[in-house]
């Protein structure tokens, strides 16, 4: 039988693996893979991370289902469609930032990806139990 969802143990193991792989890299771009879903928002996103001289890492986020690194080969000819509004918002807030934290909220299938530092820190919350787009929370350091 094919596995369709990640268990809490799978998520915990994947967080540790990804945390080690993306350390000190920067987000260079964000893509939505399958275009528009029924709700009008893309459900699968790829974060392209890079830190020279190391190879690029593609972090695939499929809301409600899975997240992992991938060897994504983007088809430049097929990229003529505009990205979704949610993808544009992610690009605005995350492009150029370094992942500063990746944690699994214990007892739940929720992953908190933190980008940037201090006043411009952003959190991307990935819920792996609902078939809806990932939620993005932007935290501005107001003092």
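Could you please give the count of residues in segment 85-106 that are closer than 22 Å to residue 51 by Cα, touching a residue at least 60 places away in the same chain (Cβ under 8 Å), over 12 Å from the mean Cα position of the chain (by Cα) and part of a strand (DSSP E or B)?
Adding up the residues that qualify gives 1.
What is the number of the single condition among (1) more than 13 Å from the chain's Cα centre (by Cα); (2) in contact (Cβ under 8 Å) with a residue 40 or more places away in the chain; (3) over 17 Å from residue 27 (Cβ atoms); (4) surrounded by fewer than 17 Cβ atoms within 10 Å (Cβ to Cβ) that residue 109 does not meet?
(4)
Yes/no per residue for (1) modelled with pLDDT of 90 or more; (2) in a strand (DSSP E or B):
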{"residue": "9", "(1), (2)": "no, no"}
{"residue": "17", "(1), (2)": "yes, no"}
{"residue": "37", "(1), (2)": "no, no"}
{"residue": "40", "(1), (2)": "no, no"}
{"residue": "49", "(1), (2)": "yes, yes"}
{"residue": "60", "(1), (2)": "yes, yes"}
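Assuming residue 92 fulfils every condition listed in (1) closer than 22 Å to residue 120 by Cα; (2) at pLDDT below 80 apart from one, which condition is it?
In the conditions (1) closer than 22 Å to residue 120 by Cα; (2) at pLDDT below 80, residue 92 misses (2) alone.
Would you pick out the residues in segment 112-143 that are within 16 Å of the chain's Cα centre (by Cα), in a loop (DSSP other than H, G, I, E, B) and modelled with pLDDT of 80 or more?
Listed by number, the residues that qualify are 116, 121, 128.
The values are calculated or read from the model by the stated rules, or taken from the named source; none is laboratory data. These figures come from a predicted structure and were not determined experimentally. Ideal geometry is used to build each Cβ from the backbone, glycine not excepted, and the neighbour counts take in all protein chains shown.
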